[in-house]
Structures are given as C-alpha cells and as structure tokens.
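Since every read-out is calculated from the coordinates, none of them should be taken as a lab result. Computed from a predicted structure; not experimentally measured. Cβ placement follows ideal geometry from the backbone for every residue including glycine, while neighbour counts extend to all protein chains displayed.
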Amino acid sequence: MDLKIPDLCLVVLIGASGSGKSTFARKHFLPTQVLSSDYFRGLVADDENDQSASAAAFDVLHYVASKRLEAGRVTVIDATNVQAPDRAKLIEVAKRANVLPVAIVLDTPTEVCLQRNAQRPDRDFGAHVVKRHRAALRRSLKFLGKEGFKRVHVLRSESDVDSSTIVYERLLNDLRHETGPFDVFGDVHGCRAELEELLVELGYLLVRDDEGRAIDAVPPADRKAVFVGDLVDRGPDTPGVLRLVMGMVAAGHALSVRGNHEEKLVRALRGHKVTVRHGLEKSLEQLTHETPEFRREVEKFCDGLIAHYVLDGGNLVVAHAGLPERYHGRASAKVRSFALYGDTTGETDAHGLPVRLPWANDYRGSAMVLYGHVLVPEAEWINNTMCLETGVVFGGKLTALRYPSREIVSVKAHQVWYENDRPFPPPVAERAPDVLALTDVTGLRRIDTSLIGAVTIRAEQSASALEVMSRFAIDPHDLLYLPPTMAPTATSQRDDVLEHPEDAFAEYAAAGVTQVICEEKHMGSRAVLLVRKEGGAIYTRTGRAFFDGALGTELLDRVRSACSGLFDEFSTDWLLLDAELMPWNAKASGLIREQYAAVGAAAGGALPVAVSALESAAARGVDVSELLARTTQRASNAEAYRAAYERYCWPVEGLDGVRIAPFQLLAAEGRTFHDRSHLWHLETLSRLEGPLFQQTRHLVVDTADPAAGVRWWEELTAAGGEGMVVKPLANLGGRVQPGVKVRGREYLRIIYGPDYTTPSNLARLRKRGLGRKRGLALREYALGIEALERVARGEPLWRVHECVFGVLALESEPVDPRL
Amino acid sequence: MTTTHQPATDLGHLLHKHPDRAQSFSTSSGVAHVFYPKATNEECTVALLLEVDPIALVRGPGSTLTQYVNDRPYAAGSLLTVALGSVFRTAMNGRSESFPELARTPIPLVVRVPALPHRLAERLFTPLGWTVEVTEHGDSRYGDVTLTGTLKVSDALKHLYVLLPVLDGGKHYWVAADEVDKLLKAGDGWLAAHPDKELITTRYLARKRPLITSALERLADVDEVEPEELDNALAEPKISLAAQRKEAVIKALKEARAKRVLDLGCGGGALLRELVKEPEFTEIHGVDVSAKALQEAARKLHLDRMSDRLRERITLRQSALTYADPELAGYDAAVLMEVVEHVDPSRLPALEHSVFVVARPAVVLVTTPNVEYNALFETLPEGQMRHSDHRFEWTRAEFAAWAEGVAERRGYTVRHVPIGPEDTERGAPTQMAVFSLGDEN
C-alpha cells in the first residue's frame, strides 16, 4: 500500500514496543532522518534502556528535530508515542517549525510484539508493558486527526507493514515547477475595467461570452498571470473580476493566492456571522444580481485559494501580505495567517486598522517576494520584495510586475471607486529605507563572489570591523565600495634593492599574462569618489570622509562639474571612481608630523653632532675611523630619508594644492567596468579636466620583453617617484593578482627606515612573507567587485554592504603594514 | 659631557674610561661607544654614542616597536639611559677608588644632548641646579639641549638617567615593578625634594597607576607625609560630574520603574557597576561597539567570580547603534550616557531608528555635554571639545531640537534634566533628555 506524506513533514511513528517501528524506519528512511528515543537515551545516559534518562533524552531529541525541520528536512520519530501528551510535544515541535505532522501507526498484534521482544535480551520488561502500550494505542487511534496530524496511516498487519511504500507529495503551495515567465498583478478589488485594460496592455487576448463578459484572457507566449489576492470588495464589479480570473485559472492561464478579502467573503457567503464593512457590502450586493450557481462557484473558487505560492524553483514567492523567508513553502496556521494579514501586532491604529510591522525591512531572503495588501503610492523594491497594491480602487492605479524582467506596468484608475478609510495616496511613509541589521554583518560569514567563489569572514574579523565601520565610516548608502589592499611584487634578490620590476614582469609572464600596464604610483591617499548628480561622498580606504563639512562639499562640487560629460556618456545619475588624492599631507598630516617628521628632526639633530664629535676625536689621534664612516653614512641616509618624505608633502590651503588622480571607473548606474582594459579606464578618465585632476603616466609592457618597463621604473624612481603599479592590461582579476606594486629604492626609506639600504639590514628585510598579503589582496578584490556587481544589479543595500563590510573585516587581519 | 675643572682629564678617572681610547660596549639597547673629542688639561669632553639596530627593534626577539620609521635610534630616551646606566654604572654610584674626593666634589659641567624632547627640560632640570639652554629643531618636539651647572658627576648622571626618559615620555620596554626600585635608587638624594616629583614619577613609570602609587608611598615615607598629599596631582580634576551623571540616570530609571535596562554604549562598564548594585534592575544588558571595552567591563565587574544570581542579571554583548539589532527589543529602559556625541551627525538617523524603532523601550535616557558650559572649564582651551572623539557638542537649544524631533517622529514625549552645578546663564555641564513612550500626561 502507498503511504502518502508531504515532501516536508514530521513523521511520528506510533506503536508498542516490539511493533517493528525501527525496522520500518530503517527500510523507508535514511538513518540520519530517523531520531530514535533509544539512541538518545544512549547519548545522554550510556544506556539505551535507562528509562530514568527519558526526560533528558526527549529534550535533546526534540531539539534535534526542531533544527532539522527548521532546515526543511523530513524527520522521523522512532519512539512508542502511544501517549497523547508525548505526541502533543512532537506536534508542537512540528508547528513551531511550520511543518505538517503525520502519523504512521504500527498496529501490530500484541502476540507478535511479545514474540519479537522475547528474542531481544535487552528487553526483559515483561508482557504487561507491551499490553499497556497496546491499550493506550487502541484508545488513541480515532483521535489522532484531532490531535493535529494532517495524515494518519494505520498498518494493521505484518503484511501491511511489508507491502507499504512511502510516496512523497508536494505541498499545495509548492509550484516550483512553474517557471513562468509571469505577470504578477496587485490587488484588483473589483476594478474589472482597469484589470481588462492592464491585461490588454500586457498582450493578453480577452475572451468574452455571448453577453460580452470577459471570461478568460489568453496570455502571450507562455506567460502566466499571477494574482496576489484581494480580487474582491470595494470596487464596482467584483463578480466581473471573479468571472474573468476564475476563467483564467480554470484555463491554466492564471494562478491566484488568497487575500484576506476572499477569506472573509467565503465566510459571508456561507452564512457565517461577519461584520460587513471595508467594501464587503459591495461584493455581497453585486453578487445578489448573479445566479445562485455562480455564487456557489465563487464560494468554491475562493475557498480553494492557497495562501501563498512558491514558484520558479523557489526564486519567486507570491503571498497576499508578503512572507518572510522562514515561512516560504511551509504550512501552518501561523504561515497562513501571515500570508493573509501580514505581521500584525494585535494593536489598531487611529483609523481602526491593524498595526503591521514592516517585515520587508528585515527580509534577507534570496527569493523575490511579491505581495499586495498594504497601500503604497508607488511600487518600490525593498530588499528583493515589492508591494503591488497601488490603490486602483481608491483612484490610484493597478500595477503588475513582469517576472523575471522586473518591469513595472500600471494603468490609472478610471475614477475613485471607493473612499478610503485612510488618506490616499498614503503620505510618503517615513520608511527607513534599507535598514541594515546587525545580523547582516556580524558573526562567521561566507560571501559568494563571482570571481573566486565563497570568501569567509571570521567572527572576530567582523567584530573588529564593526567598531571601525560604526564609529568612523560614512553612511552605508554612499559606501558602495572599498578598495582592496595591494601586494608588493616578490622580494628582489638583487643586493641593492628590496623591490624591482623584473620580478613583477616575471610573475605575470609565468601566469600567462602577456601584456601588463605599468601605472605611476601616486604618493597620496587612496580615495573613492561617489559622485551623484546630487550628493555623494569622497572617502578613504576605511570608509572615512576625506574632508569635513564645507570643504568636502566644495571638492565634490568641483569633481561633479568635471564629470558632466561622463554622466551623459554613461546615461547615469552617479559614478564611482577609484583614485589617489594628493598631497599625502592632505589627510595624513598628523601621522607625518608625529612619526615621519619626528624621525627627520631627531636624526638631523643627533647625527651631525655625532659626526663632528667623532671628527674631533679622530683629529686627536683616537681610532674611531669605522664608527665615523658608519655615522657619516647614517647622516646621509637620514638626509635622503628627509628628502623622500618631503617630496610628497606640499602646502594645502583649503582645497588649493589638493589634486586627484582617478585611475579606474568602478561603476555607474546599472553597470560595472571591471572587465575593461586599464587603457580604457585611463583614457575615459583623462576626460576629467581642470587643475584638480592629475593624469596617471603609464606604459604598456610586453612581459616577454620587459626591458622598457624596467627602464621606465628606473627613470620614474630616480626622479623621486614612489614607484609603479603593474597590472594585467586586460584587467583579469580573480585568477592572478589584480596588480602588484613596485616601489622605488628611495621611497622605501619612509617605509623601512632611513638605514634600510645598509646591506646587513637589507639582508634581514628580505625575509618578508608575502603570502598572507597576496591572499588578502585577492579576496578583497573579489569582494569589492562583488559589491559593485550587486550595486549594478540593483540589489538591496544589505547585500552590497555585506561585501563592503567584508573588505574592512579582512583588513583587520594582522599583516605586516609595510607590505 | 664637558668639564673645565682642572686637571680636566681627571674626568676619565671619574668615569673609568681612558681619554685616549675609544671603547665600545654591548648593551641591551645597542652598541655604546665612549670616546673623547677633547682631552686637555683645561677642558675635557666625553661623548657617549649609542648605535641602535633599527631592524632588531622591530623584528628582533623581544621587539617592542612596530615601525621601522622610528625616532628611537636618534632620540635621547630610555634606550640611551639604559646604555648610560650600563656604561657609567660605577660613576653614577659616586664611587671612585682613585679619586674619592673628586667624586664627592661639585665641579663645573656642561652636558649637551643634541636630540631631546625639550618641552619640560627647563622645568625639570632647573630645580636641580642646572642652567638650561635649548635650540629647537624646526617644527618638532626635539631640541638641542645644553645643561650648565656645578654638580657632582654622579648626580649629573643620575639626573640624566631619570629625566631623559621622563622628557621623552615613552619607554621602549615594558615597565615592570623593579622600575620603582631603579627610580628610587637613581633619585636618591634629589627626587624627594623635586617640586615636580609626581610628574617625574608618573612619566618615568609610563603611567602605570599601581606602580606610581607604590613609588609615591615610598617617597612619602622618606618625607614622612601622607601619600594622599602627594597624590593630588593624580586625582580626577572633575571628581563628581561623572558620579552625578550616574546618580541622575539611576534616579530617572527608578522613577520610570524600569526593571529591564539597556546600557547602550556601556564602554568599560562605569554605569553597569552602579546598576548592578540596585536589585530592582533585574536585567541589565550592556552593549558596546568595542569588543575591547566589553572585555574591560567584564573584568571590572568581576563577572567571572560573581554569584550565579548576580551574574544572570547581566548580559554584555557587542552591538552597534548604527545597525538594527532586534536583540535590544523588549526592555523597559535604555540609557545612552555620553554616547550620541561620539556618533557622526550623518549617522544619527540610523541610531534613532535602532533605539526608538527597533529597541523601542518605554523610557530612553540620553545624556550629552552642554557646550555652553565649556567656557567655565578653566583647563579647556576655547573652542575645543571635551574629548577628542566628540563629533559635536550641543547647546541646550540644539539638543532640545534634536530630542523633540525624535520624540515627535517616534511617538515619545521628552523632558530635559540638567546634571551638575547649574550656571544661571550657561546651564549645567551635562544635559539629559528623558524620553517616554506614548503620552505620559
């Protein structure tokens, strides 16, 4: 015999000791699906038959069952379960996870049970126990349905047990095999004319009966209509809407979920006592003009509507009042109630309507959720959800969303059909747009990236980033990207330098990259520029604003006016640029004074005095020649060091002296550019004109013949340049390092100290480990690109912020800061 | 160090270093070289040059610095005094077998330190009988300092040994308890009478409070005075404002009959320690964005040895007020004591949402400085905020405007309570807003 059970359910086996439950479970289910009370007794007490451990054992069993059910896994309880209170606990576990409980009873005759137990030495508890189980089971049988089991299968004989097979059935809300494309309609509320107009607009062919009434609409090219419910009430022609939609559903042209108005209409039509208001009076009145047969059909149709549907492989969920992710595809009274009424608090507002919580603000699911029920002036995305109730019956409009293209189509109401209880259109709500939750960023995280797959962020990395992000970073709405760290080239084995371009070229050549671009490295501070037509931000590598107040606004204004051509070219309202902002002291003046200048001053004070004292001693004939030579060398190193850092500092007064060198166009509305060649980026950005902008000198080098590149670097650094960055010309990313830096010999004095060029010092400094830095550079780059792609796809802010936060979290990793 | 006491070359005897030879000594802070640029009957100069290995400072075993770019190899600080103490230990103790008389005699001395943080040099050396002359090295804290005076060589060395690191203000090594002994030994005979002995002690011991107290107690013992008399320099200048703030907050919480209380931005747990003493607060939830602050709070509350009953009243958790945190919902009251001024104005709407929409307790207490009162703080330069991390400080009108906006938007009523001594024109130093959910009246 076939035992039909839902494909997600809690299976409760019921049977006396020795009835064959474990054997049955073994035959039909995976070992991991079966939770046996014996096993859990063993877990907590080292003895599967220790009845004194039962309470603790069931505690753990219920806990494990909850976790499995929450995760959407079929779970089987192998225990006698002959007592109602024991079953009640299991039903509660199922309900809390919004999963249906089903019972399979092994009504095995007493003699058979006794016989089996007799063969097992560990079950020496006598016949009275089995008899007691059997009696309790017989008493329970007819109440199992009432207790809450959605299905009850009773296997009365051994042959029943042997011949049975489990057959899984999908839940009524599970339409994952329906893949669309769909047109999802908001609340119609009896507005037949507008519905017909919108259907035609979307390419549906209306089918009319002899009296000219629309009874079906044939969708274009395999599309299907989906209604979010509330077809009825308030409007001028509820019967007309129902006739049309019922025809479409019957013909397989449409699906509809149930709205709270259908729920109430069914009750009214069945003669239940309901308060007739909120437009129900209109429907009831209009239906009196219809035939009793039509009214019966309406009752049957509305009663058969399901509270929510999961469509397109789980990518789309339609529910009248919306649905949080944990309820998708689940079945319980709680899930149904949420789908019909939303997240109500039990309170009512000044208009007597229930107060609802904004569940969509917290929504983090990957499935798109489309719903109605809550009046909105415009259909807008909130975290991958959209409300389509734009109030056609109140004189607003009827809205449909085309899935998966996300195109919104609406038609205006022909008139105000019903006066609203609340003002319409609703005031533009003070909806906190895209509220970020703590749980979006904390704890252990795995972020999927298109470039390198999942990137793991450890909990302690998130914890340190939380403080920085929360205390110092700008508003996350403007913080769409953080630049990745960049590794230096492999340490040179030449005896006079630490970094040399030949290693960078060799590295890329070995990775099969034939062309690289060398870009001059500007010695300033990394800056990300979000230039919006109104507003925006200029921020640092850690998300801090560069300049406060008026100065920041002024700088942004200057950049914005230079960007007007690019705005047009990319038909965008905003641009995101990666750049270097100079001079170094514009942002780092504190650091320079406290650390870099202090070294210069102390060395400049001490070393010349030491040299002259040594010279005096030498003049007296004291042998200090070696010490004098070393000290003289140190004095000249200190001078070189001073010259090195002073080169990157110049006076800044207000914005005078500030320069920006943009080198990559990161993103614009709806697109990213990270797959374009670096020459394209430099060429595009060279169109930013004015004294504020500095061009980035560059050279394309063939990695098979890198001599020109080496020469270029030598010239650049000999003239005081910081060095260069070498990147694959084609902007490959992911597979190889997106770029490596090759810093100049003099420049590195301000990193490794004035005396780092002394051979003995160089030898020690060469033992630097680059692996960690390079790993971070790859992961941060992938996260940054992922953030940009999510921005371009118009994903919710939390999805973007997750990546940006991830970059900051990885940066908290302790890595040698000199790399 | 130069002397003109004749015969000047006797300096070599006092220092146990021959004037015609250059000598090198390996010390824990580097190689110390001693040589004489001048050695005549009329004038003799000894030079101490310390060569520090800059790479070993960062990567060597027991390294204490994180930056290769570092002024330590050039500046006269604790590295130099370690070398000084090691190379001239006998001379510093005032012992000289060959010239005991000279060792006990003050002689004319000139000491030149070419790279020394000089801000306190005159203040600290003058009371010891030195004339101080400074040539500054540009826009930096360093100067070329020359000390002139007639002193015993041993005293001169002791002064340098203690005061060079004091002027520098940082130690290159971890300050351990035996530093107290080193300080007292080198300070013997002069430190107890120095008018700035607290300052010297504090800075020499790198601001380690328990060590400072111990050193001051022992100095007091020498002088036969109470340690408190010496300790007044270390006392909190505004003793009671913090206490008054906590008192006012607890009073307001009790008035609101709050049992389950959130301390949002609890920091090191100053308020938590008071809350825990009041049994009517049955649940106390401290939240801070800094994991380090929470560790500090846990330590100061002695969470690890608290009784179970006390312990279960307290929760400490990391959270940020710029993110919505549903765990904060369902409490009777929330306190934001001196928190909002640490949040950028552009992030205040996010804080407002977290506190007044997501957490939404019946009562919210917000305290913040009243900037009008700042003029009355003598030590606070005009226009400067009370804390370097303050993003703003509000006037009473500005605070009221913000508070009323929040109350209006979020369905709270608000009243204002001054905390601390009230000035007729400028109000109280701290202002508190008490928000209550719904209509109170």
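Summary of values
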{"item": "Pairs beyond 26 Å (Cα-Cα), from B:17/B:182; A:89/A:334; A:521/A:773; A:521/A:587", "result": "none"}
{"item": "Between the range A:292-350 and the range A:731-750, the alpha-carbon center distance in angstrom", "result": "56 Å"}
{"item": "Cα-centre dipole for the range B:241-437 with unit charges at Cβ (Lys and Arg positive, Asp and Glu negative), debye to 20", "result": "740 debye"}
{"item": "Partner chain coverage, peptide A:609-616 - average Cβ within 10 angstrom", "result": "5"}
{"item": "Cα pair distances in chain B, grouped into 10 Å bins until the bin that holds the longest one, percent each", "result": "4, 17, 21, 18, 15, 13, 8, 4, 1, 0"}
{"item": "10 Å Cβ neighbours from other chains, averaged over peptide A:619-628", "result": "4"}
{"item": "Cα-based helix-to-principal-axis angle, A:501-510 vs chain A, degrees rounded to 10", "result": "40 degrees"}
{"item": "Crossing angle, helix A:459-472 versus chain A [Cα axis fit, 0-90 degrees, rounded to tens]", "result": "70 degrees"}
{"item": "Rounded FRET efficiency, nearest 0.05, which uses the C-beta distance separating residue A:201 from residue A:509 and R0 of 56 Å", "result": "0.45"}
{"item": "Cα centroid separation - the range A:354-389 against the range A:1-76, whole Å", "result": "39 Å"}
{"item": "Rg/Rh for the range A:145-249, where both radii come from Cα atoms and Rh is the Kirkwood radius", "result": "1.24"}
{"item": "Most mobile listed residue (B:154, B:26, B:388) in chain B, GNM with C-alpha springs under 10 Å", "result": "B:388"}
{"item": "Where N is the number of residues in the range B:306-404, Cα Rg divided by 2.2 N^0.38 Å", "result": "1.29"}
{"item": "Estimated FRET transfer efficiency (residue A:589, residue A:704; beta-carbon r; R0 30 Å; 0.05)", "result": "0.10"}
{"item": "Prolate/oblate/rounded label for the range B:125-206 (Cα gyration tensor, a/c 1.5)", "result": "oblate"}
{"item": "Histogram of C-alpha separations across the range A:678-760, 5 Å bin width, %", "result": "3, 12, 17, 19, 19, 16, 9, 4, 1, 0"}
{"item": "4 °C / 1.567 mPa s Stokes-Einstein diffusion coefficient of the range A:586-646, Kirkwood radius on C-alpha pairs, µm²/s", "result": "102 µm²/s"}
{"item": "Cβ crowding within 10 Å averaged over residues, with A:59-68, A:763-772 ranked highest first", "result": "A:59-68, A:763-772"}
{"item": "Fewest-first ranking of B:414, A:652, A:12, using other Cβ atoms within 10 Å as the exposure measure", "result": "A:652, B:414, A:12"}
{"item": "Alpha-carbon radius of gyration plus Dmax, which is the widest Cα pair, for the range A:1-125 in Å", "result": "14.3, 40"}
{"item": "Sparse-neighbour loop sites [GluC sites (Glu not before Pro); the range A:689-741; at most 12 other C-beta within 10 Å; DSSP]", "result": "A:689"}
{"item": "Only Lys, Arg (+1) and Asp, Glu (-1) charged, at Cβ; chain A dipole about Cα centre in debye", "result": "2440 debye"}
{"item": "Neighbour-limited loop hits for GluC sites (Glu not before Pro), the range A:475-573 (at most 11 other Cβ within 10 Å; DSSP other than H, G, I, E, B)", "result": "A:534"}
{"item": "Neighbour cut-off at most 11 other Cβ (10 Å), DSSP loop, trypsin sites (Lys or Arg not before Pro), the range B:247-328", "result": "B:257, B:277"}
{"item": "Ranked by how many other beta carbons lie within 10 Å on average, peptides A:294-303, B:115-124 from highest", "result": "B:115-124, A:294-303"}
{"item": "Shape category assigned to the range B:47-172 from the gyration tensor of Cα positions, a/c cut at 1.5", "result": "oblate"}
{"item": "Local net charge near residue B:399, Cβ-Cβ under 11 Å (Lys/Arg +1, Asp/Glu -1)", "result": "-4"}
{"item": "Helix axis angle, A:238-250 relative to chain A longest principal axis, alpha carbon, degrees", "result": "80 degrees"}
{"item": "Label point 7 Å beyond Cα of residue A:680 along Cβ direction - residues of the range A:778-803 with amide nitrogen under 18 Å", "result": "A:785-786, A:788-790, A:792-793"}
{"item": "Lysines whose Cα lies under 16 Å from that of residue B:277, excluding same-chain neighbours fewer than 8 positions away", "result": "B:246, B:251, B:254, B:259, B:300"}
{"item": "Chain A shape via C-alpha gyration tensor axes, a/c threshold 1.5", "result": "oblate"}
{"item": "Inter-chain Cβ neighbour average for residues B:318-327, partner chain, 10 Å", "result": "6"}
{"item": "Mean Cβ neighbour count within 10 Å, used as a protection proxy, ranking A:136-143, A:107-114, A:257-264, B:431-438 highest first", "result": "A:257-264, B:431-438, A:107-114, A:136-143"}
